[in-house]
Every structure is written in C-alpha cells, then in structure tokens.
Amino acid sequence: MNDSATIDYRTLKINGVYQQNNAGDLMLRVKLPAGVLSAVQAEVVCDVSEAFSTGMLHLTCRGSLEFHGLRGESLPQVFRRLNTVGLTTRGACGGAVRSIACATAEGVGSARIQMLARRLHNHFTGNPYFEGLPKKFKLGVENGYQGARHLFQDLVMVYLGREEGRDLCDVWAAGGLGHQPQEGFLLAGRVPFERLIPLVEGVVKVYRQHTPAGKRLKHLLAEIGEIEFRALLARETSGAPVCPVASPFDDSLGEALTPGACGWIELPVFAGQLPTADLRRIAAIARELGDGFLAISREQNLLVSLGAGVDPVPLNHALDATGWLKQGKVLQCRVCPGSHACHKGLVPTRDIARQLDEILGDSGRGLSWAISGCPNSCSQPQLADFGIIGVRKGSEAKEALYDLYRRESDGFGKPIREKLTLGELLQAVSSLV
C-alpha cells in the first residue's frame with residue numbers, strides 16, 4: 001500500500017475511493033444516511049481530514065462528504081477511524097447503489113422521508129447482491145413534487161403522505177443527466193412503503209442482468225423500451241414478499257426522535273467547501289446546545305438540527321457568533337470539485353462561482369445556480385434556474401469553453417448559449433439577470 005503505483009483503483013472504487021490525479025492523490029467519499037451525521041461523527045471526520053487530507057471537506061448535493069488529497073498509505077488508518085463512529089464509504093463510488101439523495105429538510109413529512117432513506121441505505125449498502133452493477137445506480141427520496149428532482153435519478157420515490165395509516169410513494173424510473181439527459185417516467189403510483197424495497201430490488205436486478213457494462217438504467221430503457229422493461233420487472237418481483245420499512249417504534253416515537261423534528265438551521269457553505277476548523281466548532285455547538293445532529297443539504301449547505309426539546313434561542317446565538325449565519329441574500333450555487341480536485345474536471349468550478357458572486361446583485365443571488373466541471377453534470381446544472389457546464393479544458397493555445405443552461409419549465413433546463421469563453425459567459429449572465 002506504500003507505493004501508489006500498486007493500488008488497484010478498480011478494487012478500491014467500490015469502497016468510495018477515486019484516483020484524483022496522476023500524482024497519486026485520492027478522493028474518498030463518505031455515505032451519510034439521509035445526509036445526516038452526528039456531532040461526534042463530524043468531529044472524527046475533522047480529525048481524519050486534518051491528519052490525512054487537506055483540512056478542507058467537500059459537501060456534495062447528494063448529502064455525502066468527500067476528502068481530497070489522501071494518499072494510499074493512509075487509507076487503512078482512515079477507514080479504521082471512520083469505522084469507529086459507524087461511517088461507511090462502501091458503495092459511494094463504483095457499480096453499486098450510491099448515496100441516497102434525500103429531501104431531508106423539506107416539508108412536514110421529513111421524519112418519514114428520513115426513515116425511508118435510512119432503511120434503503122442500510123438495506124443496500126454493502127449488500128453483495130446489489131454490487132458489481134454495470135455502473136452506478138442512484139436512488140432519491142423526495143417529499144412531494146418540487147422542481148424536476150423526480151426526473152433525473154435511476155429510481156426516485158416521491159412521498160405522497162399517509163392515508164389510512166399507510167405511507168405512499170410514487171416511483172419514477174430511468175432518469176439521468178450527464179452527456180445524454182433523459183427525464184424519467186412514472187413506473188408505479190401510490191406504492192405503500194412495504195412494497196418499495198422489493199420493487200427497488202427488482203429494478204436493480206433487471207438493470208444488472210440486462211445492461212452492458214458502463215451503461216446506466218436510462219440506456220437500457222432506450223434499448224428495450226418501457227413495455228419490455230415492465231415485463232422483465234414483473235418476472236423479478238412476482239411473488240416477492242412485503243418488506244416493512246417502519247416498525248411500531250418508528251410509528252410511535254420516530255417523529256420525536258428524528259433529527260430536525262422541529263426544523264433546521266441552515267448555514268450557507270460557499271461552493272460546498274467547508275474548513276474542518278469551522279465544522280469542528282459548529283459540531284461542538286450542536287452537541288452542547290442542540291440535539292447533536294447535523295446534515296448536508298441538497299444545496300451543499302450545512303444544517304443544524306432543531307430536535308424536539310431544543311431551545312433555538314441560545315443555539316442561534318451561538319451559531320451567529322461563529323459568523324456562519326449570513327444576513328441578506330447569499331449565492332446558492334451547487335458545484336462539483338471540477339478541475340480543482342477531479343481528474344475529469346475541465347474547468348475550475350469554485351473560481352467561476354466566486355466570479356459569479358461578484359457580478360450578481362440580490363436579484364441574481366435569489367435564483368438557484370449550479371456549475372459542473374464537465375458534461376457529467378454531477379452538480380445537477382439542468383435543475384437550477386441557471387446552470388453552467390464546462391465543455392472544453394483551457395490550455396495555452398485555447399480558452400476553456402462553457403455552455404449556459406436555463407430552466408423555465410417543469411422539466412430539465414435547456415442550453416441557451418453554447419461554447420462561450422469565460423468572458424462571454426459572465427457577460428451573458430450579466431445581461432440575463
């Protein structure tokens with residue numbers, strides 16, 4: 001393990017490890033159920049980052065966190081430290097069911113949403129029957145229909161609420177962004193919670209058995225069509241027993257015990273980049289004055305839980321003293337690490353976000369933004385009011401190029417200007433906002 005040249009990255013990928021560059025630096029991604037972590041877990045994350053990484057964390061829009069700049073020889077120590085507080089990286093990368101994107105802080109049903117996301121996380125993470133997939137498989141749990149978030153995952157459960165004591169979801173399938181954006185379709189309506197896991201298992205099995213390596217579920221649907229897909233799925237799910245998601249304990253006490261039971265305090269994190277010194281301070285406040293829980297929002301911000309019985313006044317005062325409670329409108333801009341820390345990144349996403357912040361007034365900051373360092377669209381630019389995608393890497397001989405997207409309807413955003421230089425991009429943004 002001391003020689004980075006001997007590391008088999010294909011083997012490590014399923015454990016959340018990506019090769020960051022040719023110099024041997026690695027990225028490690030941690031899966032968090034519903035994006036939630038305890039203050040104790042956050043403090044261990046800080047310890048690991050300061051000892052073995054850069055002292056800077058990247059928060060993702062799927063509720064995960066990433067270490068950058070790790071070295072291969074430190075991985076055993078890193079994994080041991082994370083395991084001591086129940087943190088896992090298994091399936092955060094590679095051909096597995098990835099981190100489950102969750103509307104953790106949205107709506108009155110957030111406790112049921114978190115419960116479902118945790119159950120799915122526990123069921124599929126490290127489950128050998130659902131690893132070794134052709135490519136990544138992304139699940140999402142939404143609290144009703146907002147934006148186009150039900151359209152872009154491999155499988156999305158949209159929570160509809162409780163009727164006659166049963167939790168119900170619509171299930172959407174085969175969406176995706178990237179080079180070939182594809183809006184998902186309604187696979188099943190009003191599905192009770194106890195039928196969800198057998199349905200998800202069936203979809204994953206169909207995907208694994210019938211999809212070529214390197215392809216997503218949307219590619220399988222494009223090849224065989226919805227009718228054939230439904231026939232294959234019916235064979236996989238025929239006779240499948242129900243699998244309860246909620247227990248009597250969850251039904252009786254779950255809402256009161258759930259992080260964020262009385263809401264969340266949102267701390268904006270610019271470009272998803274969070275110094276560990278700040279996270280350590282916020283975690284200490286959450287442990288001493290809150291209920292000891294934090295979460296990562298889909299906008300890559302940090303959330304502090306207002307659990308049942310928490311007095312929000314001293315908690316807010318303490319957080320305000322840190323300087324993290326911002327006054328006025330703050331730019332909400334999702335970014336992937338881009339060329340700063342990803343070998344696929346074509347453009348420096350964080351630098352562009354800073355330049356956007358400089359030219360946007362309050363009206364522009366009131367809109368949602370997303371910047372992706374390459375056409376893989378990891379920051380979901382097609383779901384923002386305005387999205388930016390890097391499409392060509394800059395060099396001494398040529399400038400980097402960008403596509404500008406705008407979302408004005410119920411579906412994905414569409415490109416309105418293509419192959420812009422950075423100067424042209426900023427000018428176009430100024431004229432539009």
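Any read-out appearing in this document is the output of simple, stated calculations on the displayed coordinates, not a laboratory observation. None of these values were measured; they are calculated from a predicted model. Positions of Cβ are generated from backbone atoms using ideal geometry, with glycine treated the same way; all protein chains shown enter the neighbour counts.
Listing for the model above:
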| quantity | calculated |
| --- | --- |
| Trypsin sites (Lys or Arg not before Pro) within the range 221-319, DSSP loop, no more than 14 other Cβ atoms inside 10 Å | none |
| Given charges at beta-carbon only (K, R positive; D, E negative), |dipole| of the range 332-432 in Debye | 300 debye |
| Structure-based [θ]222 nm, the chain - -39500 (n - 2.57) summed over DSSP H runs of at least 4, per residue, nearest 500 | -9500 deg cm²/dmol |
| The chain: most fluctuating residue of Lys218, Lys326, Lys393 per GNM, C-alpha cutoff 10 Å | Lys326 |
| Antiparallel bridge percentage (DSSP; both residues within the chain; nearest 5) | 75 percent |
| The range 267-295 and the range 115-139: distance between their alpha carbon centers, rounded to Å | 27 Å |
| Environment charge at Gln332 (Cβ cut-off 12 Å; Lys +1, Arg +1, Asp -1, Glu -1) | +1 |
| Cα-based Rg / Dmax (Å) for the chain | 21.2, 66 |
| Gained length - Ala277 relative to Ala222, 0.36 nm times residue gap less alpha-carbon distance | 15.1 nm |
| Surrounding net charge for Asp291, when Lys and Arg each add one and Asp and Glu each subtract one, Cβ distance under 14 Å | -2 |
| Sorted largest first, extent of the range 106-248 alpha carbons per principal axis (Å) | 41, 34, 29 |
| Spatially proximal lysines relative to Lys414 (Cα-Cα < 20 Å; intrachain offsets below 8 disregarded) | Lys218 |
| Phi to ³J(HN,Hα) by Karplus 6.51 cos²θ - 1.76 cosθ + 1.60 over the range 152-159, Hz, x for Gly, Pro | 10, 9, 5, 8, 10, 9, 9, 6 |
| Equivalent ellipsoid dimensions for the range 289-433 as semi-axes, Å, which come from the Cα gyration tensor, largest first | 33, 16, 15 |
| Rounded to 5, percent antiparallel among DSSP beta bridges of the range 332-432 | 55 percent |
| The chain: relative contact order as a whole-number percent, Cα under 8 Å and 6+ apart | 13 percent |
| 15 Å beta-carbon shell around Ser431, net charge (K/R +1, D/E -1) | +1 |
| Relative contact order (%) - criterion: Cα under 8 Å, at least six apart; region: the range 106-248 | 21 percent |
